[in-house]
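The values are calculated or read from the model by the stated rules, or taken from the named source; none is laboratory data. Since the model is a prediction, treat every value here as computed from it, not as a measurement. Here the Cβ positions follow ideal geometry from the backbone for every residue, glycine too, while neighbour counts run over all protein chains shown. With ligands, DNA and RNA removed, areas are computed over all heavy atoms of the protein, side chains included. Shrake-Rupley method; radii C 1.70, N 1.55, O 1.52, S 1.80 Å.
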Amino acid sequence: MRRPARGLLAPENRAVSLAVMASMALAFYNATSVTAALPEIGAELGRVALTQWVITVELLAAAIAVLAIGPFIDGSGVRRAYRLAIAGFAAASTLCAAAPTMEVLVAARLLQGLFTGSLIGTAVTCIGLAYGSDLRPRAYALVASVWGVMGVGGPAVAAVLVSTLGWRSIFWVNLPVAAVAAAAGWNRVPAEAMAKAEPLDRRGLALMSAIAAALLVATSTLRWSSVALIALAALLYGLYVRHARRRPGPIVHIAHITGRQWWPVHVVAVASIAGGTGTSVFLPLYLRGGRGTSLSFAAFAVLWPTVGWAAASWASSKLQERIPAQQVVVIGSFILTASAVAVTAAAGVTAPFPLLFAAFACLGWGIGTITTSSLALLQNQADPAEMGRVSSAHQFIRSLGWAYGAAVAGMVLFWVVERRAGDVEAVRGLLDDSAAAVDTTLADALSSAYAWSLGVLAAISALTVPAAMVLSRSYNPDRITRD
């Protein structure tokens, strides 16, 4: 008879759990806090036109690093990758804090993004190797809780630091947290390499990065050039398939993407993240410009899907102890689809805020249910020797879901605004409390455009239902690798 699972904070798991929490807190904090400091950064360093790259370059570098760290983990072990990621992240944060010019800061943020992505990929793989299948759902619920706390607390902490100690302090504060993460996991995360070390597949990494960039630009605008970019992405993918079949250790094995046991997990996860999280990207803009709320009210509205996500992750982990995880994914897909429709309807009829926010909380519940259980399913079927590659490939796909969801939402929203109001540039000032009131025509156009974008994202969310059904039928519990 199998013994019941020991908890995440049991003596044998405590150090690894603390290391995962601290490293994920660093990654999530840097994804949510820097935006609050952008005005002060631009005022001190100048070159205001480059401020957007302080954010964008970090996200792009993190996505690429997540993909690259997987093979390194398999060949060198989680412990070596973890030490490298923590030390590199601390060094990059120091460079960001000390940057004398905007150009140096952008370069330092590029470096920081590489180590942020390495932290995420290492932490996710560590969960897959350090815990059995019965503890993984709880571990991902813990990660979701950290994300929820950082989603609320990150911008608030950054605002306090910027107003009291200056913008450089938002990077200095990373150092003590990195020290805690290093102390907890330096000698405690799994050390054994599960596969033969191989040189980095630079050509494959370049091709995958180019594919992601082409698709991101294509989904950011509704123009004829988008067709050309999609065709370019298809061509690049064909080149990558040819490259991967000829190389013994490609950056991503095609079978890990298209294999029968893998592709439904990828589709259900990316559809839930793209369709679900894309709805909240422009929620503050809609509330400020379309509903006339204050800037602070609009900014904190994104709390509701975050709370739903974190709470559902814990509920999902408990539910997986009673029913198979693939059934939990199916339940989550129906919750997500129904909630996406409810959010679209609430925005379309200008429903009261309590109803709108309740729908967003349910939407977050659907995302949390799907993402926690689908990632546990993925790692349950992965061979330990390929845990790094499989986990990192999935995290890369999920990160693209974030980007594509925001890109599609923005494409639809601004296209509709341009067609109805003829002035997209006026939207830029809607998040400024000191700005003049927006005219009724633009406010109505923005509200209508947001509802249309929600409708498109609801259609994307609905793709989770057939993908979850396929996953439920194709999942083979005999492939679980460890208990």
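Can you order the peptides 270-279, 230-239, 330-339 by their average number of other Cβ atoms within 10 Å per residue, highest first?
Listed from highest to lowest mean packing, they are 270-279, 330-339, 230-239.
Could you look at region 10-156 and say what percent of its accessible area is carbon and sulfur, using a 1.4 Å probe and all protein chains?
Heavy-atom surface of region 10-156 belonging to carbon and sulfur, 1.4 Å probe: 72 percent.
Please give the direction-averaged projected area of the C-alpha convex hull for region 311-417, in square nanometres with one decimal.
8.0
Hey, how much of the P(r) for region 93-132 falls beyond 13 Å, as a percent of Cα pairs?
More than 13 Å apart: 57 percent of the Cα pairs in region 93-132.
Once the chain is represented by equal point scatterers at the alpha-carbon sites, with solvent omitted, what log10 I(q)/I(0) does the Debye formula produce at q = 0.09, 0.13 Å⁻¹?
Here the Debye-derived log intensity ratios amount to -0.59, -1.32.
Calculate how steeply helix 387-421 sits against the longest principal axis of the alpha-carbon atoms of the chain, using the helix alpha-carbon long axis, and give the answer as 0 to 90 degrees to the nearest 10.
Result, in degrees: 10.
Quick one: divide the alpha-carbon radius of gyration of region 69-221 by 2.2 N^0.38 Å and tell me what you get.
1.18
Select from 145, 129, 369 the residue farthest towards the positive end of the dipole of the chain; place +1 on Cβ of Lys and Arg, -1 on Cβ of Asp and Glu, and compute about the Cα centre.
Checking the options against the dipole of the chain, the answer is 129.
For the chain, find the longest principal axis of its Cα atoms and tell me its angle to the long axis of helix 464-474, 0 to 90°, nearest 10.
For helix 464-474, the angle is close to 10 degrees.
Return one quarter of the surface area of the convex hull spanned by the alpha-carbon atoms of region 244-320, equal to its mean projected area, in nm².
One quarter of the hull surface, i.e. the mean projection, equals 8.1 nm².
What's log10 of I(q)/I(0) for region 318-362 at q = 0.29, 0.34 Å⁻¹, Debye sum over Cα points only, no solvent?
-0.92, -1.09
Which whole-number percent gives the relative contact order of the chain, counting Cα pairs below 8 Å spaced six or more residues apart?
Averaging sequence separation for qualifying contacts and normalising by length gives 22 percent for the chain.
Using only Cα atoms, tell me the angle between helix 303-319 and the longest principal axis of the chain; keep it within 0 to 90° and round to the nearest 10.
For helix 303-319, the angle is close to 30 degrees.
What are the ³J(HN,Hα) values, in whole Hz, obtained from phi via the Karplus relation 6.51 cos²θ - 1.76 cosθ + 1.60 with θ = phi - 60°, for each residue of region 91-99 in sequence order, with x given for Gly and Pro?
Karplus-based 3J(HN,Hα) across region 91-99 equals 5, 5, 5, 5, 5, 4, 5, 9, 4 Hz.
Given region 237-381 reduced to its alpha-carbon atoms as identical point scatterers, what log10 I(q)/I(0) does the Debye formula return at q = 0.16, 0.18, 0.19 Å⁻¹?
So the normalised log intensities are -0.85, -0.96, -1.01.
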